[in-house]
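Notes for the one structure printed next.
The values are calculated or read from the model by the stated rules, or taken from the named source; none is laboratory data. Bear in mind that the values here come from a model prediction, so they are computed numbers and not experimental data. Note: ideal-geometry Cβ built from the backbone for every residue, glycine included; neighbour counts use all protein chains shown. Ligands, DNA and RNA are stripped out before the accessible areas are found, and what is left, the full protein with its side chains, is counted by its heavy atoms. Shrake-Rupley method; radii C 1.70, N 1.55, O 1.52, S 1.80 Å.
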Amino acid sequence: PPPCSEPAVADFVQVTTTFPDERTARQVASRAVQERLAACAQVQGPISSIYRWKGEMEQEEEWYCHFKTMFARLPALEARIRELHPYEVPEIIALPILQADPKYLEWIQEELETDI
């Protein structure tokens, strides 16, 4: 295949979500990477989350998952997270990557465009 064009930092995002347990976080992370919706995903936790849900204060142990992807893959990644997520309303936050090593961005782009 032809080489990838030079990526622009504005094309990349980090998507975060939380899961109720490590197993679910790892499963969704693996699916997203296998399906080339994200180049990589990191699972981190446990964390303590405090929030209000349906009028009640809640406190739960959760696990973060951070996905590195391109803006063009964001709709598909969001849809897949919603499909696989056990929460009624999952946290799905996409943050632009403002600065990154160009070689790292090239790697993300290659991982999302390569068919194996």
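Observations on the model:
- Calculated P(r) tail over 22 Å for the chain, as whole % of Cα pairs: 36
- Carbon + sulfur, % of accessible area of the chain - ligands and nucleic acids excluded, 1.4 Å: 53
- Angle in degrees between helix 22-34 and the longest Cα principal axis of the chain, rounded to the nearest 10: 20
- Per-residue ³J(HN,Hα) for the stretch 51-57, Karplus 6.51 cos²θ - 1.76 cosθ + 1.60, θ = phi - 60°, Hz, x for Gly and Pro: 7, 9, 9, 6, x, 10, 6
- Size of electric dipole in the chain: Cβ of Lys, Arg +1 and of Asp, Glu -1, about Cα centre, debye, nearest 20: 80
- Those GluC sites (Glu not before Pro) in the stretch 35-116 that DSSP places in a loop and that have at most 11 other beta carbons within 10 Å: Glu88
- Helix 74-84 and the longest principal axis of the Cα set of the chain meet at an angle near 40°.
- For Glu91, distant residues with modelled amide H under 5 Å away: Thr18
- Rolling a 1.4 angstrom probe over the protein heavy atoms with all chains in place gives the chain an accessible area of 63 Å² per residue.
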